[in-house]
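Values quoted throughout were computed directly from the atomic coordinates according to the rules given, and no laboratory measurement underlies them. Model, not experiment: these values are computed from the prediction. Neighbour counts are summed over all protein chains in view; Cβ atoms, including those assigned to glycine, are modelled from backbone coordinates with ideal geometry.
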């Protein structure tokens, strides 16, 4: 099979002769490895190489799309996507204009995890798994590791030709403890943009995670009700991604009249200290890149600035339909899917309040750390914390069972009355929008304080 570079330029020239409003091609080669443990046993281990691509055609407002593994049969794939688009189209095509780009974007030289021997990765994870199982009262555990190194080629009928290399690593560990009829778990998730050293040396964190799952068995439940709640950077970052970030993805906004009315630019969503940003240009994060999967340069986009909604995330099509500027947020998890509007690195900008000052005037509240899971439906959210502690007289006090936070995202944003001077970016997750998962993203925040937050308990 020929290398994708060998046919990329030929394909770029071929796209220009077809009758369509816009045609783009994606070629991709990915090398990946995975290791999974369930309990004390190694469940799976292996390497994979995948080569393929897709063709997207826009004609009279209709899209055609076809993906393929055989890169030697491109003419027929272009014709198929062209027929689909012409069959579906019945209106004027709307794409925000962007400059044609020709560029090669290489990954960092030392950020190719795939070249590390699989045996070396397994040895490290064997150590981590053994550490987990030194803890008594464990029922089971799960370790999932994955990495990838991708080379992609984007070519369009307007003359763009972009080669990019991207690397990614993800690691998630879970320990489950039991006693009588009680079951509790603790988790640790990490990732990087290909730097394997960032998942080394986690021995103490993993021991503490496993021990925490046992300690939760005897922790009390909080009494349910409204509390002043302080979120750590991890949970606050997940909140801003899941509860607010998805509402800023303009395909949702454009297609939902109710949401379009709610997400009106200029509307006040919080106090003047609240700034929420999505930025793919931050260095060394999992959601970072130079060009999105439509060949649009990455950008830093303020979603909320000084408490007001000032921006949203766009593909070229949503930007064109809404008469706004493209933001470089059209992303796909791999060549089997078309790009859709996705977040990159989404975070709350830090302010000036220390954690101690944030806690100082709380007579009784709840401090929450980490996350386990959650759901969102339009503006309503429910999140489960990884850890929880009572706050008493301005100090973090006894440990609780993990709590559930729920509410309306817009009410909750307005109830944020303190934003910390610290910030951490969580790289341990992946976004699953549109069944395209796990897409590498990062999210983060300083500590934040929320008044009148509903906490589920006994």
Exercise. In degrees between 0 and 90, to the nearest 10, how far off the longest principal axis of the chain does helix 74-88 point, with axes built from Cα atoms?
Worked result: 80 degrees
For this session: Using a/c under 1.5 as the rounded threshold, could you call the range 225-456 rounded, prolate or oblate? The axes a ≥ b ≥ c are square roots of the C-alpha gyration tensor eigenvalues, and prolate needs a/b larger than b/c, oblate otherwise.
Result: prolate
Exercise. Residues in the range 198-216 near a label at residue 127, defined as backbone nitrogen under 20 Å from the 7 Å Cα→Cβ point?
Worked result: 198-211
Exercise. Using alpha carbons only, how many degrees (0 to 90, rounded to 10) separate the axis of helix 4-15 from the longest principal axis of the chain?
Worked result: 60 degrees
Exercise. Taking only Cα atoms, what is the 0 to 90° angle, nearest 10, from helix 118-132's long axis to the longest principal axis of the chain?
Worked result: 20 degrees
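Fully extended, how many nm does the chain gain between residue 137 and residue 16 (0.36 nm per residue separation, minus their Cα-Cα distance)?
On the way: separation 121, 0.36 × 121 = 43.56 nm, distance 6.47 nm.
Difference between extended and current length: 37.1 nm.
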Problem set entry | Proxy reagent accessibility, fewest Cβ within 10 Å first, across 375, 140 | 375, 140
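Let me check against my output: what whole-number percent is the relative contact order of the chain, with C-alpha pairs under 8 Å and at least 6 apart? The partial results should precede the final answer.
Working: 1196 pairs, mean separation 71.5, N = 458.
Over the chain, the number comes to 16 percent.
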Problem set entry | Order of 21, 278, 6 - criterion: other Cβ atoms within 10 Å of each residue's Cβ, fewest first | 6, 21, 278
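Order of 101, 380, 258 from fewest to most other C-beta atoms within 10 Å? Please report the intermediate quantities before stating the final value.
Working: 101 17, 380 12, 258 9.
The most exposed by this proxy come first: 258, 380, 101.
Using a/c under 1.5 as the rounded threshold, could you call the range 231-308 rounded, prolate or oblate? The axes a ≥ b ≥ c are square roots of the C-alpha gyration tensor eigenvalues, and prolate needs a/b larger than b/c, oblate otherwise.
Values: a/c = 1.75, a/b = 1.18, b/c = 1.48.
Because a/c hits 1.5 or more and a/b fails to exceed b/c, the range 231-308 counts as oblate.
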For this session: Take the Cα of residue 261, step 7 Å along the line toward its Cβ, and report every residue of the range 270-310 whose backbone nitrogen sits under 11 Å from that point.
Result: none
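Give the relative contact order (percent, whole number) for the range 225-456; include only Cα pairs under 8 Å separated by 6+ residues.
Details: 619 pairs, mean separation 66.1, N = 232.
Once divided by the residue count of the range 225-456, the mean separation gives 28 percent.
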Problem set entry | Antiparallel content of DSSP bridges confined to the range 225-456, in %, to 5 | 85 percent
Exercise. Label points 7 Å out from Cα along the Cβ direction at residue 115 and residue 300: separation in nm?
Worked result: 3.2 nm
Seminar exercise, completed: Between the modelled labels at residue 268 and residue 324 (7 Å from Cα along Cα→Cβ) the distance in nm is 2.1 nm
Exercise. Measuring from a point 7 Å past the Cα of residue 106 along Cα-to-C-beta, which residues in the range 164-207 have an amide N at less than 12 Å?
Worked result: 165
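For residue 308 and residue 5 in the same chain, what is the full-extension length gain: residue separation times 0.36 nm, less their Cα-Cα distance, in nm?
Values: separation 303, 0.36 × 303 = 109.08 nm, distance 4.53 nm.
Full extension of this stretch gives 104.5 nm more.
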Exercise. How far apart, in nm, are two points set 7 Å out from the Cα along the Cα-to-Cβ line at residue 364 and at residue 377?
Worked result: 3.1 nm
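Assign one of three labels to the chain, namely rounded, prolate or oblate, based on the Cα gyration tensor with a ≥ b ≥ c the square roots of its eigenvalues; rounded applies when a/c is under 1.5, prolate when it is not and a/b is larger than b/c, and oblate otherwise.
Oblate is the answer for the chain, as a/c is 1.5 or above yet b/c matches or exceeds a/b.
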